[in-house]
Structure formats: C-alpha cells, structure tokens
Ligand SMILES: [Zn+2]
C-alpha cells in the first residue's frame, strides 16, 4: 500500500488532515489529547492503522508506548554476516501524540507523522536499510494527566520506577494503572525490552522558539535540553469570611502564593532563566471566602543544574519568608527534575555532515523544552533532535504553527538523516 503513495508530500498532508479533528476544541481551536482517554484511543488506533498499511511490525510495551518496526531482510539476517547483522541495533524515530491541555497541533504529532512519511520517502528511494528502523509513539510526554513529563519513556528507560508510577493519580483521583486498563491496555510497568535494541534515536519536533526564524532555516538540529523541574508548592492558611474578617486578622495563603509567583518571575528574569506558575488549585475556591489552601505548581528551567538549584532555592526562601509574615505555611516538593541533557555530539555532527549537500549548514540550537529524546539520551542511547521552524515561536497553545512547506522539508531532512544512519 505504501508504494502507491506519492513523492509530493501527499502522504504527509493526508495524515495531517486525518489527525486534525482528533481532540480539537471547537471553542479554542486547541487540542486536548490526554493519555488513556477516548481521544487518545482514536490517535492510537490511527497510528496502528498507518503502521499496518506500511507493514510495520507493532511492539507495544507495558508502559503505554508503541513501537512499529521496519526490519527489511538486509537488516534482519544475512547469510554471511548473520551474527553481526542480528546484533545491529535499530534506529528509532518518532515522538508523541498527546498534548498539553489546550495545546497546539504540532508538538508531538509532527514528529510521528514525519517519521511515517520519512519511511515512505526511503521506500520511494528504494533504500534497503541495513539497520532496523522503529517509529515510536511515547505515552504521556506532556505529563498533562499524571503530572510527570515523559512518563512513558521514563518508565521504559527505568528513570521512573513502576512503584512510583503506581502511586500516580490524575486530578479526579484515577490511578495510572486503572486509566491504562480502562483504555484497553495491559499495563506492565518498567524497563522496556525494546530499549536494548535501539542504537540511535532521532526525534523530530516543532521548534518551541524562534531561533530558526532568526537563522532563516526550515530545519535545525539540537545541542541539548536545559535542566528543568516541576515543584509543588502547598500554601496553607486559615479559611474565613471575606467580609467579616478584618484585613489585619487574616492568614491568607493566596497572598503568600501571589508574592511567591512575582518573586519567581523576577528572579528568573534577572538570572536569564525561566520560572512559571501555570497551574493552581484553591480550596475552598469560593469568591466570598479567604482560602485555606493554595496549591501551585512551579515549572523552572535553567541553563545549568547549579542555576536550577539556586533559582528554586531562592523562590523557596522568598515563599517561606512571606509565609512567616502572612502567618501561613508553605511546603515544597519536587515532582520531577530532569538534569542537563546533551545530545550525542558525534551523531549530531554526523547528521549535520550528511545533510550538508542538500541543506547547507544546518543550524544547531539549544532547547528549553523537555522531550522523550532527553530521557533516552540520559539512559545512554545516542540521540539527536531535529527541529522544524515555527514562525511565531508559540508552543503549548492553539496558535502553535509550522508552514506546510517547512513540515515537508522536515520530512525530507529526516529521511535524509535516516538514510545516512541505515545505509
Ligand atoms: Zn513534544
């Protein structure tokens, strides 16, 4: 079936159209593609259908991730070099299909769709890979339901333990394992058997910034990912009447939170780093009540681990200082912290050299966003990332965008990179 697909990018455009309506909010135009929900089931079914049409062999793992293998005979066995070829490790490409709440269309799906289209390109070029190729879809990359970003790849790589994941609940109290079972999966959390068969991972992703716009390039490669973390701040005080409680008599955790959020922004800006409070839960959450509790989540990202520790410590210090003044209390816990990730410089250079003929000098840029590529790189898999230009730089929002011409350039560049790796 794949052989009938055209070289014009029709395969990519058709797949992109297939996905467009899934999980899209008619109100905002943004996407709600949370893991183990009916819409994620549709995305998964779509992926399986695409893989089946391409005769890729599906390998789900017990962590919600799904790999689909193209293992041509040359990559599977050979009469002369059986031993060597059988131990040849695969090249993984792919990304994720889930989104943040009210996210964009490109973050994740662009990598998955481009990977399938890149396989089509290689077949059109009659390339017979000497290494198996797998297209991967990772579960809960955004952490939008269970709070831990890259949960699927972290479990597969052993970076999150099955015990810790077994404790996770979504906002409605649904345990991760129940959600997975409810979605028709058979969870078996922990290190994935496929990991040992992957020798290279290349994740294509929409750029979440404007570096490529500034450099006038449709595609780029990544140097690494900034260290980043998610921290939960529990501010507690005394609930009371909004009218009858004198201002001087209040112990209002909302004020402690508000000053903390301002301090986080001020310190991050001054240090050239990033700090965001983007999620809040208030109890009892009544207009006429002083809250008893405010829970706020800090997302912090820095150019070094030392800076990250320093920034979070400074925000915590300001929070407790303010809590003392307000007569409130604050408790901080780190929910997930990812260290400095450098992508494989040799691999990146190899790809840059391989792409040079057709693409000139492909820019190599850093990213402040976390990715499954970061998790696999930290687990020792030689990894590279490829970015596709995003004209607005906006991501994690409905206006996230990439021009179709740039998306197709991304497919070609990924196919070229794959060809370099499997030839
Ligand atoms: Zn992503």
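The values are calculated or read from the model by the stated rules, or taken from the named source; none is laboratory data. Computed from a predicted structure; not experimentally measured. As a convention, Cβ positions derive from the backbone with ideal geometry for all residues, glycine included, and neighbour counts pool all protein chains shown.
Quickly run through the range 348-385 and pick out the residues that are part of a strand (DSSP E or B) and within 13 Å of the ligand (Cβ to nearest atom).
Across the range 348-385, the qualifying residues are 367, 385.
Scan the range 245-270 for residues that are in contact with a helix residue (DSSP H, G or I) (Cβ under 7 Å, 6 or more places away or on another chain) and within 15 Å of residue 312 (Cβ to Cβ) and report the count. Reasoning before the result, please.
In the first step, residues of the range 245-270 are kept if they are in contact with a helix residue (DSSP H, G or I) (Cβ under 7 Å, 6 or more places away or on another chain); the result is 251-252, 255-256, 259-260, 263-264, 267-268.
From the residues that got through so far, the ones that are within 15 Å of residue 312 (Cβ to Cβ) too are 260, 263-264, 267-268.
Of the residues in that region, 5 qualify.
Could you please find all residues in the range 376-399 being within 26 Å of residue 151 (Cα to Cα) and crowded, with 24+ Cβ neighbours inside 10 Å?
376, 377, 383, 384, 385, 386, 387, 388, 390
Quick one: what pairs do we get from the range 155-184, first residue closer than 13 Å to residue 35 by Cβ, second modelled with pLDDT under 95 and buried (at least 17 other Cβ atoms within 10 Å of the Cβ), C-beta under 8 Å, 6+ apart or different chains?
Listed by first residue and then by second, the contacts come to 165/148; 168/147; 168/148.
Would you mind stating whether residue 373 is surrounded by fewer than 20 Cβ atoms within 10 Å (Cβ to Cβ) and within 15 Å of the chain's Cα centre (by Cα)?
no
The conditions are (1) at pLDDT below 95; (2) surrounded by 20 or more Cβ atoms within 10 Å (Cβ to Cβ), and residue 147 fails exactly one of them. Which is it?
Among (1) at pLDDT below 95; (2) surrounded by 20 or more Cβ atoms within 10 Å (Cβ to Cβ), the lone unmet condition for residue 147 is (2).
When you scan the range 129-138, do you find a residue that is crowded, with 20+ Cβ neighbours inside 10 Å, within 19 Å of the chain's Cα centre (by Cα) and more than 16 Å from the ligand (Cβ to nearest atom), even just one?
Taking every residue of the range 129-138 in turn, at least one turns out to be crowded, with 20+ Cβ neighbours inside 10 Å, within 19 Å of the chain's Cα centre (by Cα) and more than 16 Å from the ligand (Cβ to nearest atom).
Could you please give the count of residues in the range 93-122 that are on the phi > 0 side of the Ramachandran plot and more than 10 Å from the ligand (Cβ to nearest atom)?
2
Do you know which of the residues in the range 329-351 that are out of contact with any helix residue (DSSP H, G or I) (no Cβ under 9 Å at 6 or more places or on another chain) and within 21 Å of residue 414 (Cα to Cα) is surrounded by the fewest Cβ atoms within 10 Å (Cβ to Cβ)? Break it down stepwise before answering.
To start, the set of residues in the range 329-351 that are out of contact with any helix residue (DSSP H, G or I) (no Cβ under 9 Å at 6 or more places or on another chain) comprises 331, 333, 335, 345-346, 348-349.
The next check asks that each one be within 21 Å of residue 414 (Cα to Cα); those that pass are 345-346, 348-349.
On the way: 345: 13, 346: 9, 348: 23, 349: 13.
Checking each candidate, the answer is 346.
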